[in-house]
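Working notes, beginning with the structure itself.
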Amino acid sequence: MEKTLVVACIPAFNEEGRIAGVVLQVRKYVDRVVVCDDGSVDLTGAIAEGLGAVVIRHERKRGKGAALNSSFRYVRDLKPDVVVVLDADGQHDPGEIPRLVEQGLGGAAELSSTEEFHAMWQGCQAASILLRGGARPLARS
C-alpha cells in the first residue's frame, strides 16, 4: 500500500518572526513544506529553507494569489494526495491537519475555484484543503 503524500503550501511575506514556528509545527503533519516567499525584504525565505522547507522566491511582492499559484505549480509535479494551505503568520492551527487530511482523502473536503485551477491539477488526485483556524473544511462543490 502506497503512503499518502501530504504537502503544505505556505505563502509568506515578511514573516521572519513567525515562519520558523509555523514550518516546525506543520512539518509534524506533512511530508513536504513549500513556502513561497513573496518578495520579502527580511529573512523569511532563508529561515524556512534552513528548517527544511522548499522555498520558491518572488523577486518582488506579487500577492497571495500569485504566491499560491507558484506553490501549486511546483507541487503539481509531486502528484500529492492532499495539499494543505496555511498562512505564514501562525493564525491556522497545524494540529488540524490530520483531521482535514482524513476528510480530504474521504472526499468530504475540497476547495476548488476556477477552471484554471482544475486544469492545473489535471491528472492529480489531489484534494486542496484550506485551513481556516478551526473551522470545518469547505464542502465538496
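Pull up all non-local amide H partners of Cys36: gap of 5 or more, or a different chain, and H-to-H distance under 5 Å with H placed in the peptide plane.
Excluding prolines and chain starts, which carry no amide H, the hits are Ile10, Ala12, Ile56.
Under a 5 Å amide H to amide H cut-off, with H placed in plane at 1.01 Å, what residues pair with Glu16 once short-range neighbours are removed?
Counting only residues 5 or more places away or on other chains, the set is Leu43, Thr44.
Give me the Debye-computed log₁₀ of I(q)/I(0) at q = 0.19, 0.21, 0.26 Å⁻¹ for region 1-75, equal point scatterers on Cα only, no solvent, two decimals.
Per q value, in the given order, log10 I(q)/I(0) is -0.69, -0.82, -1.19.
For region 26-108, state which GluC sites (Glu not before Pro) are in a DSSP loop and have at most 11 other beta carbons lying within 10 Å of their beta carbon.
Within region 26-108, the qualifying GluC sites (Glu not before Pro) (loop, at most 11 other Cβ atoms within 10 Å) are Glu59.
For every other residue with a beta carbon closer than 10 angstrom to the beta carbon of Gly17, add +1 if it is Lys or Arg and -1 if Asp or Glu, then tell me the sum.
Local charge sum for Gly17: -3.
Over what distance in Å are the Cα centres of region 1-21 and region 77-107 separated?
If we compute the Cα centre of each part, the gap is 9 Å.
Mind listing the long-range amide H neighbours of Asp87? Cut-off is under 5 Å, sequence gap 5 or more, other chains count too, H placed in the peptide plane at 1.01 Å from N.
Here the answer is His92, since their amide H atoms fall under 5 Å of that of Asp87.
No lab work stands behind these numbers, since they all come straight from the coordinates. These numbers come from a predicted model, not from an experiment. FYI the Cβ positions are ideal-geometry reconstructions off the backbone, even for glycines, and counts take in every protein chain you see.
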